[in-house]
Amino acid sequence: MATKSLVRPGELFPGFFDDFFKPWNEWFNGGRSLTVPAVNISETNEDYKVSVAAPGLKKSDFDISIEGNVLSISCEKEESREDKDEKHTRREYNYSSFSRSFTLPDEVNKEKIDAVYEDGVLKLTLPKKDEVKKASVLKKINVK
């Protein structure tokens with residue numbers, strides 16, 4: 001009678017192996033960091049708010065664009081450092097990037113989207129069109 005294993009090969013201690021091989025994976029990926037920042041989206045009657053956690057960047061690192069109904073937020077950052085002394089030269093390169101895309105609802109006024117980067121968080125305000133704001137006002141109806 002054949003016995004079935006409850007643990008598939010490669011699933012035992014995946015965190016250990018990921019951490020162990022991380023330097024080699026980074027080497028073969030060209031030193032690129034492949035992390036994607038956390039994104040929070042909230043909605044009010046007036047607008048949508050998008051917050052992207054991206055510490056350690058500058059405003060100029062971001063590229064925000066709209067094509068059709070798709071909002072794209074991307075970032076590329078390249079750093080290099082060189083240390084020299086009499087006998088040694090050490091150069092380090094780091095390249096990180098990410099890209100996130102979101103399909104915008106029809107009620108977003110694309111012409112008035114605003115973006116601010118402060119305290120490591122990119123904050124976008126996506127205002128709703130005026131006709132949508134008016135339609136979302138609560139109106140009480142009396143029962144006769």
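Bear in mind that the values in this text are calculations on the coordinates, not laboratory data. Every value quoted in this text rests on a predicted model; they were computed, and no experiment measured them. Cβ: placed from backbone, ideal geometry, glycine included. Neighbour counts: every protein chain shown.
Each listed q (0.26 Å⁻¹) maps to a log10 I(q)/I(0) for the range 93-144 from the Debye sum over equal C-alpha point scatterers, namely -1.10.
I want the local charge near Ala38. Using Cβ-Cβ distances under 15 Å, sum +1 for each Lys or Arg and -1 for each Asp or Glu among the other residues.
Values: positive: Lys49, Arg100, Lys123; negative: Asp119.
Summing Lys and Arg as +1 and Asp and Glu as -1 gives +2.
Straight-line reach from Lys133: taking Cα to Cα under 20 Å and skipping same-chain neighbours fewer than 8 places apart, the lysines in range are Lys49, Lys110, Lys112. Bridgeable lysines around Lys58 (alpha carbons under 16 Å apart, same-chain partners fewer than 8 residues away excluded): Lys77, Lys123. For the range 34-100, the mean projected area of the C-alpha convex hull, equal to one quarter of the hull surface, is 6.3 nm². Less than 5 angstrom separates the built amide H of Phe98 from those of Cys75, all sequence-distant by 5 or more or on a different chain.
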